[in-house]
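Each remark here refers to the structure printed beneath this line.
The values are calculated or read from the model by the stated rules, or taken from the named source; none is laboratory data. All of these numbers come straight from a predicted model, not from anything done at the bench. Using ideal geometry, Cβ is built from the backbone for each residue, glycine included, and neighbour counts are taken over all protein chains shown.
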């Protein structure tokens, strides 16, 4: 049987995801079999689990932190917003229905049943399950229908940690208010408090910590310092609202990313952050970079409509004529085609619309969704690279262009063994693919960046394997948390546990032997 821990927050972006990731890595490093878990997540950033099902990128990342293979049971319910208060509901990795909030809440019992199925699976197969709540654990107007926070902790009798973000101010009020507003049966589940994102001398918090412990009866387990140098994937598009630029500010290579209205899997560009300066541009803005990325989106037809509305199509073609590099990923690949056929308005209310016409490709939207971990051989300029990625797309694409990737595994354009399209117009490179994670393949990524560097007379780079960068940063995060938070009440030492089991077994043996001796002498004397 597993031991369950839950991390809940006073608010969104308080640090729940990061703390769960750190706990997963700490436990895994101690030799435990660990699973992350979030009963319900809302995100347009998702990845493919081992069962060829879809889960939120946060739980995928946490699985990597736990050194375990991602599973659909780590995130049984995923909500992907489509607009107009409608979300696509993913259950155990597969599309279930498009629902508004009222429809969703009426099906609460069904979703709780699916959540319980996943919890039972994890209980049987792992030593520890580190669960993450959603948003604030005490939205009192939503508590009756909340299936993402302490109701789930109560189901498995989990110890809960409340994490609060001091960086935004009002940390003690938010801690006290959250605990006091919780129903009594949920309040008693909170066993510890963690203060996150602190800058400065922790001594200034001493009186506040003493008072909050006195008022709530809950100990403050630690204070996690703010570290802006950690490179970890963002969880959802909320993080992009205030983000305009990131990456290597000193790089001579600039990458522009068009900020789609329903941008998804924007973590695709994270791998560029060490070797390029990355700038998000909005519809109508000028393209100032060397490379333009058209990222994934939940609503390809709507994005194409906005591209035309704000004159972005003309700017993209001007960029191409100047010899720019355009990379379209998933929905971004679809808008590069000739036509997007959506007769039933499945993607958005726009329906069928002409694309950019970069490729002579037509995409048809239906009811099927490709959810695959994929790999193959990519060819560019006569060079070949082995690449891996994952596919999460509705739409079948018929292209008359040269394919980008010959598949060993995956669905690709239309299930015919090929993915994407590639062509050159003058000095411009036009590349489209359904492979999310295409830039995680460092040989291909380096090749793209070096095209720009060679044009500028710069030395070629040999960028790091992004997986290595992730591992280094995850270990760094785990060390920060381990040095900042008292985890003794959560984490048992595995060797000590084994010793305790051995001692208990010896005690049982002695007890049985004593019973045998008593029986023997009482019947023979």
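At a glance:
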{"read-out": "Test: residue 431 is at pLDDT 95 or above, over 27 Å from residue 55 (Cβ atoms) and within 27 Å of the chain's Cα centre (by Cα)", "value": "yes"}
{"read-out": "Criterion: in the same structural domain as residue 300 (by TED's automatic domain parsing) and over 22 Å from residue 293 (Cα atoms) - qualifying residue of 369, 402, 423", "value": "369"}
{"read-out": "Candidate set from the range 262-285 (those that are free of Cβ contacts under 8 Å to residues at least 60 places away in the same chain and surrounded by fewer than 20 Cβ atoms within 10 Å (Cβ to Cβ)); member that is farthest from residue 470 (Cα to Cα)", "value": "284"}
{"read-out": "Filtered residue count, the range 1-33, keeping only those that are within 21 Å of residue 265 (Cα to Cα), in contact with a helix residue (DSSP H, G or I) (Cβ under 8 Å, 6 or more places away or on another chain) and crowded, with 22+ Cβ neighbours inside 10 Å", "value": "4"}
{"read-out": "Those residues of the range 34-51 which are modelled with pLDDT of 95 or more, surrounded by fewer than 24 Cβ atoms within 10 Å (Cβ to Cβ) and not in a strand (DSSP E or B), in sequence order", "value": "50, 51"}
{"read-out": "Residue that is without any contact (Cβ under 8 Å) to a residue 60 or more places away in the chain, within 24 Å of residue 422 (Cα to Cα), assigned by TED's automatic domain parsing to the domain that holds residue 438 and in a strand (DSSP E or B), where the choices are 292, 356, 327", "value": "292"}
{"read-out": "Tally, over the range 405-421, of residues that are under 23 Å from residue 301 (Cα atoms) and buried (at least 20 other Cβ atoms within 10 Å of the Cβ)", "value": "6"}
{"read-out": "Per-region count, the range 185-205, residues at pLDDT below 95 and out of contact with any strand residue (DSSP E or B) (no Cβ under 8 Å at 6 or more places or on another chain)", "value": "4"}
{"read-out": "The range 247-261: number of residues that are assigned to a strand (DSSP E or B) and in contact (Cβ under 8 Å) with a residue 60 or more places away in the chain", "value": "1"}
{"read-out": "Qualifying residue in the range 66-75 (condition: at positive phi, surrounded by fewer than 22 Cβ atoms within 10 Å (Cβ to Cβ) and either not assigned by TED's automatic domain parsing to the domain that holds residue 186 or not in a loop (DSSP other than H, G, I, E, B) (or both))", "value": "no"}
{"read-out": "Out of 340, 327, sole residue that is touching a helix residue (DSSP H, G or I) at 6+ places or on another chain (Cβ under 6 Å) and surrounded by 23 or more Cβ atoms within 10 Å (Cβ to Cβ)", "value": "340"}
{"read-out": "Of residues in the range 345-361 being under 27 Å from residue 48 (Cα atoms) and under 30 Å from the mean Cα position of the chain (by Cα), the one surrounded by the most Cβ atoms within 10 Å (Cβ to Cβ)", "value": "347"}
{"read-out": "Filter result (in contact with a helix residue (DSSP H, G or I) (Cβ under 8 Å, 6 or more places away or on another chain) and either within 16 Å of residue 394 (Cα to Cα) or buried (at least 24 other Cβ atoms within 10 Å of the Cβ) (or both)) within the range 294-311", "value": "294, 295, 296, 297, 298, 299, 300, 303, 304"}
{"read-out": "Residue in the range 425-441 that is buried (at least 19 other Cβ atoms within 10 Å of the Cβ), touching a residue at least 40 places away in the same chain (Cβ under 8 Å) and at positive phi present", "value": "yes"}
{"read-out": "Residue 108 vs. criteria modelled with pLDDT of 95 or more, surrounded by fewer than 17 Cβ atoms within 10 Å (Cβ to Cβ) and on the phi > 0 side of the Ramachandran plot", "value": "no"}
{"read-out": "Only listed residue being part of a helix (DSSP H, G or I) and surrounded by fewer than 17 Cβ atoms within 10 Å (Cβ to Cβ), chosen from 123, 98", "value": "123"}
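Quick grid of which residues meet (1) at pLDDT below 95; (2) under 29 Å from the mean Cα position of the chain (by Cα):
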residue	(1), (2)
369	yes, yes
376	no, yes
382	no, no
398	no, no
404	no, yes
409	no, yes
413	no, yes
418	no, yes
